[in-house]
Amino acid sequence: EPDVTIVSGLKDMVVSEGDDVTFRCQVSHEDARDVEWKLQDVALQNNEMNEISVEKGKIHTLTLRKVTEQDIGTVTFRVGPHTSTA
């Protein structure tokens with residue numbers, strides 16, 4: 001299996017409380033496995049508050065819905081041994 005690397009990393013975002021925010025990270029290969037999103041070192045699951053998806057096979061997205069002050073912190077995207085933070 002090819003080593004999947006991060007082609008385009010996360011960018012820092014500033015949003016207002018109550019807004020949605022989307023983070024994008026592009027990887028080198030489609031169908032990447034061993035992918036994880038974290039907020040403040042807590043693994044995120046796909047649910048009504050966190051939408052995790054993949055666009056065009058290589059662009060992994062995380063949308064945090066209606067953010068609050070508790071959502072302030074570091075977002076981390078990991079694929080295999082590679083990570084990107086914002």
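The values are calculated or read from the model by the stated rules, or taken from the named source; none is laboratory data. What you see is a predicted model, and the numbers here were worked out from it, not measured in a lab. All Cβ positions, even for glycine, are placed from backbone atoms using ideal geometry, and neighbour counts span all protein chains on display. When the accessible area is computed, the model is the full protein with side chains, heavy atoms only, and any ligands, DNA or RNA have been set aside. Shrake-Rupley method; radii C 1.70, N 1.55, O 1.52, S 1.80 Å.
Consider the stretch 1-50 and keep the residues that are open to solvent by 70 Å² or more (accessible area, probe 1.4 Å), of a type in the set (D, E, K, R) and under 12 Å from the mean Cα position of the chain (by Cα). The one that is farthest from Thr61 (Cα to Cα) is Asp12. When Glu51, Glu17 are screened for being part of a loop (DSSP other than H, G, I, E, B), modelled with pLDDT of 95 or more and out of contact with any helix residue (DSSP H, G or I) (no Cβ under 6 Å at 6 or more places or on another chain), only Glu17 passes.
Limited to the stretch 62-80, what total is found for residues that are under 13 Å from the mean Cα position of the chain (by Cα) and closer than 18 Å to Ser28 by Cα? Here the count works out to 5. Among the conditions (1) open to solvent by 20 Å² or more (accessible area, probe 1.4 Å); (2) more than 14 Å from Arg78 (Cα to Cα), Thr63 misses just one, which is (1).
Looking at the stretch 20-36, which of its residues are in a strand (DSSP E or B) and closer than 11 Å to Leu64 by Cα? Give the steps one after another, and end with the answer.
Start the filter on the stretch 20-36 by keeping residues that are in a strand (DSSP E or B), which leaves 21-27, 35-36.
Selection gives Val21, Thr22, Phe23.
Close contacts from the stretch 61-86, counting a first residue that is at pLDDT below 95 and a second that is of a type in the set (Ser, Thr, Tyr) and outside any strand (DSSP E or B), with Cβ to Cβ under 7 Å and a gap of 6+ residues or different chains, come to none at all.
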